[in-house]
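One structure is given here, and the rest of the page talks about it.
The values are calculated or read from the model by the stated rules, or taken from the named source; none is laboratory data. The model shown is predicted, which means the values in this text are computed figures rather than measured ones. Please note: Cβ atoms are built from the backbone with ideal geometry, for glycine as well, and neighbour counts cover all protein chains shown.
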């Protein structure tokens with residue numbers, strides 16, 4: 001019998017993979033992709049709760065999260081393009097203008 | 001172990017395995033393709049959890065829209081960006097692993113403390129062969145204001161992305 005706890009465990013693992021991607025990798029595009037993984041993990045939790053209660057409001061909230069994630073990706077990738085135009089690099093170690 | 005549990009285990013395994021591949025591949029295009037596999041598996045899990053509409057939206061918006069955007073940008077900037085990967089330093093790896101373990105441990109602590117039990121008849125979520133109607137009713141009655149706010153946010157993101165990404169000429 002599938003319980004919400006199983007789904008939460010999966011979501012936890014997916015989120016952890018996203019966290020380690022953000023922390024370990026230094027390519028800015030890959031960091032954005034890892035953020036997508038984490039957002040998906042949050043959505044899985046929302047859907048699992050909506051399924052367990054059962055209450056459809058959680059699915060509506062997950063829909064909003066997807067919309068916000070789409071906006072975040074568009075703006076993030078636009079920033080990366082502007083960054084690449086200025087520094088010719090997407091390595092986050094090279095982005096140190098504000099560092100002293 | 002019933003059928004739903006088996007399906008969930010298989011889909012979760014696929015999603016997690018390709019998520020690990022996303023994070024470990026050197027080639028960005030490979031990462032993006034593995035991310036598409038993860039997104040599809042997560043969409044299938046949505047369908048399994050009686051969120052059919054969300055599963056479709058996941059495939060349309062994520063696997064369709066967002067990943068195309070990612071691939072476009074990767075192809076746009078790939079060549080010089082991939083030249084200098086470099087191995088992460090050991091202290092960096094250790095600190096990252098520690099941080100991840102900390103975050104995962106805190107989340108697991110919260111998760112194991114509670115979480116809802118299955119309360120009612122989950123089949124009620126998709127009574128008429130899908131939950132489009134239920135989601136639409138909730139979204140446009142109870143969550144109309146957040147819905148409008150999100151649409152304004154998307155418009156702002158659209159304009160912002162164009163302004164940021166266009167060339168100076």
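Out of A:31, A:66, A:79, which single residue is under 24 Å from residue B:165 (Cβ atoms), more than 7 Å from chain B (Cβ to nearest Cβ) and at pLDDT 90 or above?
Being under 24 Å from residue B:165 (Cβ atoms), more than 7 Å from chain B (Cβ to nearest Cβ) and at pLDDT 90 or above holds for just one of A:31, A:66, A:79, which is A:31.
Per-residue answers, yes or no, for (1) farther than 30 Å from residue B:4 by Cα; (2) free of Cβ contacts under 8 Å to residues at least 24 places away in the same chain; (3) assigned to a loop (DSSP other than H, G, I, E, B); (4) within 17 Å of the chain's Cα centre (by Cα):
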{"residue": "A:51", "(1), (2), (3), (4)": "no, no, no, no"}
{"residue": "A:54", "(1), (2), (3), (4)": "no, yes, yes, no"}
{"residue": "A:60", "(1), (2), (3), (4)": "no, yes, no, no"}
{"residue": "A:64", "(1), (2), (3), (4)": "no, yes, no, yes"}
{"residue": "A:72", "(1), (2), (3), (4)": "yes, no, no, yes"}
{"residue": "A:76", "(1), (2), (3), (4)": "yes, no, no, yes"}
{"residue": "A:79", "(1), (2), (3), (4)": "yes, yes, no, yes"}
{"residue": "A:93", "(1), (2), (3), (4)": "yes, no, no, no"}
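So which residues in region A:40-60 are surrounded by fewer than 20 Cβ atoms within 10 Å (Cβ to Cβ) and more than 7 Å from chain B (Cβ to nearest Cβ)?
A:42, A:55
Restricting attention to region B:128-166, which residues are under 23 Å from residue A:72 (Cβ atoms), facing another protein chain (nearest Cβ under 8 Å) and assigned to a loop (DSSP other than H, G, I, E, B)?
B:143
Just wondering, is there one or more residues in region A:36-49 that are at pLDDT below 95 and farther than 22 Å from residue B:66 by Cα?
yes
Report yes if residue A:2 is in contact with a helix residue (DSSP H, G or I) (Cβ under 6 Å, 6 or more places away or on another chain), within 25 Å of residue B:47 (Cβ to Cβ) and either more than 7 Å from chain B (Cβ to nearest Cβ) or free of Cβ contacts under 8 Å to residues at least 24 places away in the same chain (or both), otherwise no.
Criteria met by residue A:2.
Among the residues of region A:11-27, what is the count of those that are crowded, with 22+ Cβ neighbours inside 10 Å and more than 8 Å from chain B (Cβ to nearest Cβ)?
Within region A:11-27, residues that are crowded, with 22+ Cβ neighbours inside 10 Å and more than 8 Å from chain B (Cβ to nearest Cβ) number 1.
In region B:42-58, which residues are facing chain A (nearest Cβ under 10 Å) and within 14 Å of the chain's Cα centre (by Cα)?
B:42, B:43, B:45, B:46, B:54, B:55, B:57, B:58
Suppose the filter is under 12 Å from the mean Cα position of the chain (by Cα), without any contact (Cβ under 8 Å) to a residue 24 or more places away in the chain and within 22 Å of residue B:101 (Cα to Cα); does residue A:22 pass it?
Numbers: under 12 Å from the mean Cα position of the chain (by Cα): yes; without any contact (Cβ under 8 Å) to a residue 24 or more places away in the chain: yes; within 22 Å of residue B:101 (Cα to Cα): yes.
Judged against the criteria, residue A:22 is a match.
Which of the residues spanning region B:110-169 are more than 18 Å from residue A:68 (Cβ to Cβ) and modelled with pLDDT of 90 or more?
Within region B:110-169, B:140, B:141, B:142, B:162, B:163 qualify.
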